[in-house]
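*Asks:* Structure provided below as structure tokens; questions to follow.
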Amino acid sequence: MQKYSVFSLIKNALSNHENWEIAWKDPTPKSEYDVVIIGGGGHGLATAYYLAKEHNITNVAVIEKGWIGGGNVGRNTTIIRSNYMHDENGLFSEFGMDLWRNMSQDLNFNIMFSPRGIINLAHSDAQMNAYSRRGNSMRLNGIDAVLLNREEVKKLIPMADFSENVRFPIFGGLMQPSAGTARHDAVAWGYARQADSMGVDIIQHCEVTGFDVVNGKIKGLQTSRGNIKAKKIGLCVAGSTNILAEKLNMTLPIETHLLQACVSEPIKPILDQVVTFGAGHFYCSQSDKGEMVMGGDLDGYNSYAQRGNLPTLQHVLTEGIAMFPFLSKLKMLRTWGGIMDMSMDGSPIIDKTHIEGLYLNCGWCYGGFKATPASGWTFAHTIAQDRPHDLNAGYNLNRFSTGHLIDEKGLGTKTWIS
Amino acid sequence: MLYIKCPYCGLRSQNEFSYGGDATVKRPELNKEVSDQDWDNFVYLRKSPRGKHLELWQHISGCRQWIKVERDTLTHEIHQTFKANEI
């Protein structure tokens, strides 16, 4: 594989960039693999990469119905953070932060990781208390957290509405300085390129149509490009999890819901951090191109549409304008939607299943992108060793029947309620 | 914008409604022994189909009645609406 560097850039510039090697191959599926990963998104490609890198398992295929990186890894708002209160979420995400920091070097692909910090705004004394508690929990787990008062927030984001007579005045905020953003497509492409170079087959435009399960053991799968035998199969299909689960006669604690995001026209640099509104669900950052990148609530009803409706977008942007009044002057450049695998406690599932050789990675709700490396790393471990790693042991499937929920937001079982 | 035909009030925009989830889920019967599996099914497990989905909505900014809506989760087309006790 060609190494990307300033020298390869100069060399290829001399030949008008016409001689770059292809980044990954386009193989036809083999008849048999040791591991098949279904879903060529960030999590699936990362899993394949870590299977090869950490566990030396390279007879692997990643099967993707569309094209790699065309699902949620290409549709998110690129936020990376580990500002969780619960141990399971905090330790898992902070492990991921270390992978994020080294990812560009590890993958030899510039993922443009930008640890610019995230500020969660607080709008009441009670919320300041809650953030203080969360910040302390984070610091106990080795995650950086800084509680900011109103004046400190004002120094960082003076363009926010600091007037006294607003409905939700800014009391302060909780900041994780090491959080940030990354170039989301590059994450998928970087993992794909490295996995491919280590022998993983990335098979695009290949839809899974059925599974072969014999005596409670997975034997293979049927696809639109033929039958494939597999010793182990991992599901990494986010919002499509229930569609595949139905083919396996499984019912999961997952509902598929629609989440929208949008970007404004590009403007000069104004916002250095990622900022979230504390009295609703709205978050905002500014991309390197200058666009304001914004998102918030689910549309609120089960959907596989990958496109949203206007009422939710209006509702979300109303919150945005309450926080940053200047947003009302901007034109919207693009809006889009993705389908989220909403779990019933708001936390993910990375686990074995009752079918031997079948592994499940789903339930990412709003937070799939930032979890990409940690999810891939722990899922690869779970598949290779046939048991979960300590980091994802809490993300088991049977926690719903045993009552060991990880309900970070305290939302209860209807995570789609906004 | 979704337009939902409330069986009591007629066609109204989605802004007047709030969503109540899968309408096919049955609560285990009262005063009977309920297994963990039955509770699991009722509280957590959902089919979440792609295609036709029978779901509960409440006309919260209207007549406040709960209704059932048969809607396609892929196209968002609404096929039929019912009073909650109708089916």
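The values are calculated or read from the model by the stated rules, or taken from the named source; none is laboratory data. As the structure is a prediction and not an experimental result, all values here were calculated from the model. Note: ideal-geometry Cβ built from the backbone for every residue, glycine included; neighbour counts use all protein chains shown. Remember, those area values only see protein heavy atoms, side chains included, never the ligands or the DNA or RNA. Shrake-Rupley method; radii C 1.70, N 1.55, O 1.52, S 1.80 Å.
*Asks:* Which number in (1) within 14 Å of chain B (Cβ to nearest Cβ); (2) crowded, with 24+ Cβ neighbours inside 10 Å marks the one condition that A:Y304 misses?
*Replies:* Checking A:Y304 against (1) within 14 Å of chain B (Cβ to nearest Cβ); (2) crowded, with 24+ Cβ neighbours inside 10 Å, the one that fails is (2).
*Asks:* Shifting gears a bit: Residue by residue through the stretch B:1-42, note down the ones that are of a type in the set (S, T, Y), out of contact with any Ser or Thr (no Cβ under 9 Å at 6 or more places or on another chain) and within 11 Å of chain A (Cβ to nearest Cβ).
*Replies:* B:S13, B:Y19, B:S35, listed by residue number.
*Asks:* Which of the residues that make up the stretch A:307-359 are of a type in the set (A, V, I, L, M) and outside any helix (DSSP H, G or I)?
*Replies:* Matches in the stretch A:307-359: A:L330, A:M332, A:L333, A:I339, A:M340, A:M342, A:M344, A:I349, A:I350, A:I355, A:L358.
*Asks:* Based on what the data block shows, is B:R50 out of contact with any helix residue (DSSP H, G or I) (no Cβ under 6 Å at 6 or more places or on another chain), within 25 Å of A:T251 (Cβ to Cβ), facing chain A (nearest Cβ under 7 Å) and not β-branched (V, I, T)?
*Replies:* no
*Asks:* Another question, then. Select from the stretch A:231-252 the residues that are away from chain B (no Cβ under 14 Å) and buried (at least 20 other Cβ atoms within 10 Å of the Cβ) and list them in ascending order.
*Replies:* Listed by number, the residues that qualify are A:K232, A:I233, A:G234, A:L235, A:C236.
*Asks:* Return only the number of the condition from (1) part of a loop (DSSP other than H, G, I, E, B); (2) open to solvent by 10 Å² or more (accessible area, probe 1.4 Å) that A:L391 does not satisfy.
*Replies:* Among (1) part of a loop (DSSP other than H, G, I, E, B); (2) open to solvent by 10 Å² or more (accessible area, probe 1.4 Å), A:L391 violates only (1).
*Asks:* Could you check the stretch A:254-302 for strands (runs of 3 or more DSSP E) lying wholly inside it with 2 or more residues that are charged (D, E, K, R)?
*Replies:* A:292-302
*Asks:* For the stretch A:111-127, which positions are of a type in the set (A, V, I, L, M, F, W, C) and on the phi > 0 side of the Ramachandran plot?
*Replies:* A:M112, the sole residue that qualifies.
*Asks:* Which is more than 20 Å from the chain's Cα centre (by Cα) and at pLDDT 95 or above, of A:G280, A:G290?
*Replies:* A:G290
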